[in-house]
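Remarks on the structure that follows.
Every read-out reported here was derived from the displayed coordinates using simple, explicitly stated rules and does not represent laboratory data. If you're wondering where the values come from, they're calculated on a predicted model, not measured in any experiment. Cβ placement follows ideal geometry from the backbone for every residue including glycine, while neighbour counts extend to all protein chains displayed.
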Amino acid sequence: MAGVILGIHSNVAGDKESFTAGHAWLSITSSGTTTTYGLWPDSHPSPRVIDNGNKSDIRIGLELNSQAVASRYYKLNGIQASQFNTLISKNVHWQYTHNCSSFATDTVYAILKKDVDADDYFGLETPRELGRNILLLEAKSPTSITNPRILKDNPISSTSIS
Amino acid sequence: MKAIYIYLLLLTLLSCKESDMIYNLDKVTIVNVEQNENIVKVSYRPLMETLFFCPGVLINKTADNIEISFVRCKIKSDCPVTLKSQQGEEGVDFVSIENKGMPVFVLSEGSKKKLFPK
């Protein structure tokens with residue numbers, strides 16, 4: 001399918017996983033090329049996560065070879081794709097209360113007004129809860145990278161990540 | 001007060017059982033196992049985790065074989081390993097273990113899988 005496809009992913013799903021397990025991220029596929037976007041703390045010791053100081057914690061491409069257990073795909077129109085680029089170019093910082101799952105779900109909501117819920121205990125967003133809800137949504141209306149969800153009303157929102 | 005509550009909550013949530021500190025087999029993808037003379041090179045891709053990482057493996061040598069476990073370590077922690085992971089390409093890490101041709105198994109909680117010979 002031509003166009004820009006937004007993916008939201010988690011590599012864990014459900015309560016069998018621990019509260020702090022896993023990772024969540026976004027992907028953009030355009031003209032057959034997929035790019036991933038994930039929020040990682042500077043303190044992560046992986047040599048693939050570079051401590052870039054006060055610059056944005058949104059890292060590009062780290063998840064390309066990662067296997068998601070839950071993924072959902074949305075087709076973006078030109079305005080939404082542009083909005084995505086604006087959002088991911090912001091200086092976003094990782095915190096326990098604004099983590100990889102918060103980044104993924106907030107970005108999807110800001111662009112599409114679709115709540116792919118990640119709220120776990122005490123309102124903290126987690127990959128396992130995001131994964132669980134992605135699977136629930138997929139059970140109702142399956143998507144794939146070649147069959148993304150197309151929103152009828154194509155809502156346009158503000159360019160802030162709450 | 002709220003900050004203290006959140007801090008205590010996070011401390012509780014982040015404290016893991018010891019069994020959580022070894023990756024289950026379904027969380028590590030074995031990409032390749034290659035024997036070259038006395039060394040077996042195990043290439044693997046651990047689950048990507050925001051709050052954990054795999055610094056390497058623990059090795060238990062018995063009379064008959066070699067057992068390895070993939071260590072799951074909290075970020076900002078220092079976890080002991082027998083062999084540190086080395087970074088390969090495309091998200092793949094590897095360890096090179098001197099096995100002198102002995103069978104190599106990977107262990108995790110309640111399970112054991114033969115890596116070499118296949």
- Taking the Cβ-Cβ separation of A:Ala139 and B:Glu109 as r and a Förster radius of 35 Å, what is the calculated FRET efficiency to the nearest 0.05? 0.75
- Descending semi-axes in Å of chain A, equivalent ellipsoid built from Cα gyration tensor: 22, 19, 15
- PRE reach from A:Thr34 (point 7 Å along Cα→Cβ): which of segment A:49-90 fall under 14 Å by backbone N? A:61-74
- Item | Cα centroid of segment A:107-129 to Cα centroid of segment B:34-64, whole Å | 34
- Message: Under a crude label model (7 Å from the Cα following the beta-carbon direction), how far is B:Glu34 from B:Asp78 in nanometres?
- Response: 3.3
- Task: Would you please give the FRET efficiency between B:Met21 and A:Asp117, computed as 1/(1 + (r/R0)^6) with r the Cβ-Cβ distance and R0 = 30 Å, to the nearest 0.05?
- Result: 0.50
- Query: To one decimal place, what orientation-averaged projected area in nm² is obtained for the convex hull of the Cα set of segment B:17-116?
  - Reply: 6.3
- Give me the distance in nm between label points sitting 7 Å out from Cα along the Cα-to-Cβ direction at A:Ser43 and B:Glu90, one decimal. 3.4
- Dipole size in debye (nearest 20) for the protein assembly as shown around its Cα centre, Lys and Arg Cβ +1, Asp and Glu Cβ -1? 360
- Surrounding net charge for A:Asp119, when Lys and Arg each add one and Asp and Glu each subtract one, Cβ distance under 13 Å: -4
- Whole-Å semi-axes of the protein assembly as shown's equivalent ellipsoid, largest first, each the root of 5 times a Cα gyration tensor eigenvalue? 36, 22, 17
- Task: Count the lysine pairs in segment A:4-140 whose Cα atoms lie under 23 Å apart, taking only pairs 8 or more positions apart in sequence or on different chains.
- Result: 10
- Partner chain coverage, peptide A:44-51 - average Cβ within 10 angstrom: 5
